[in-house]
Structures are given as C-alpha cells and as structure tokens.
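This report refers to the structure that appears directly beneath it.
The values are calculated or read from the model by the stated rules, or taken from the named source; none is laboratory data. Since the structure is predicted, the reported quantities are computational estimates derived from the model, not experimental observations. FYI the Cβ positions are ideal-geometry reconstructions off the backbone, even for glycines, and counts take in every protein chain you see.
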Amino acid sequence: MNVSPSTEFKECGSASAKALAAKLAALSHPARIEILKHLSGNRACCCKDVVQQLDLAQSTVSQHLKVLVEAGLVRFSAERQRSLYEIDREALAGISASVAGLVETCCSSQPA
C-alpha cells in the first residue's frame, strides 16, 4: 500500500513540524522526563515537591520546569506564595498522536 506523506510533515519549515520539534526538544532531557513522571502522579505540585523527589538543585528544577511550561507540556499557576505545576495531559496526548502519525506515514510508505 502506497501512502503519501502526511501534509503535516511535508515541509521541514511547516508550523506543525516546528511546534512538534519544539515539544520534542523539551522532552529531550532525562531530568524533564523524570519531572513529567513525577507530575503525572500528582494533581499539581510546587517546585519544592519536585526537588524532594529528584537529586537536583532547586534552581535546576526551576529551569527545567520553565522549559516544560514554555513548550506547553506543563501548566503553571500561582497560588498565594506558591507556584504550582501540573502536567498538560492533552498536550502530551497530542505529541503522542503526532509521533504515531509520523511513524505510520514513514513506515507505511514504499520508497520511490
């Protein structure tokens, strides 16, 4: 079966390709993966909670959380004197679907 490449990934410079690459780049550090794993088991938690789970300095965890928030993978909210972080499950599901679609497109098409 010959499947044409997904229009989502036809151009290297397409907006959707750039958005996916930015999200995947945010996932490309082991500490951020561990942070996401920790956040996935909690409704919302502060940076201090994450620091207690990982062997990293508070400033390092803060920088990693900032990257995840900027990529849209984690939501940030301020509550009184605490900064709360919560995983964005819809965003992660979107990445999963995009990568699955890319793999399906790449693996299903026959070389020319």
Quiz item: When Leu84 is evaluated against the numbered criteria (1) over 17 Å from Leu24 (Cα atoms); (2) in a helix (DSSP H, G or I); (3) in contact with a strand residue (DSSP E or B) (Cβ under 6 Å, 6 or more places away or on another chain), which criterion, by number, is the only one it fails?
Solution: (2)
Quiz item: Tally time: how many residues in the stretch 51-81 are under 17 Å from the mean Cα position of the chain (by Cα) and part of a helix (DSSP H, G or I)?
Solution: 10
Self-check item: Pick from the stretch 29-63, criterion of a type in the set (Lys, Arg) and free of Cβ contacts under 8 Å to residues at least 12 places away in the same chain, ranking: farthest from Ile87 (Cα to Cα)
Solution: Lys48
Quiz item: Taking the stretch 40-50 only, how many residues are touching a strand residue (DSSP E or B) at 6+ places or on another chain (Cβ under 9 Å) and either part of a loop (DSSP other than H, G, I, E, B) or modelled with pLDDT of 95 or more (or both)?
Solution: 3
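Out of the residues in the stretch 13-28 that are outside any helix (DSSP H, G or I) and hydroxyl-bearing (Ser, Thr, Tyr), which is nearest to Arg80 (Cα to Cα)?
Step one: of the stretch 13-28, the residues outside any helix (DSSP H, G or I) are 13-14, 27-28.
After this cut, where a residue has to be hydroxyl-bearing (Ser, Thr, Tyr) as well, the list is 14, 28.
On the way: Ser14: 40, Ser28: 32 Å.
In this case the residue turns out to be Ser28.
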Practice problem: Give the residue, chosen from Ala78, Ala22, that is out of contact with any Leu (no Cβ under 6 Å at 6 or more places or on another chain), at pLDDT below 95 and surrounded by 11 or more Cβ atoms within 10 Å (Cβ to Cβ). | Solution: Ala22
Quiz item: Any residue at all in the stretch 90-99 that is among the small types (Gly, Ala, Ser), part of a loop (DSSP other than H, G, I, E, B), touching a residue at least 40 places away in the same chain (Cβ under 8 Å) and surrounded by 12 or more Cβ atoms within 10 Å (Cβ to Cβ)?
Solution: no
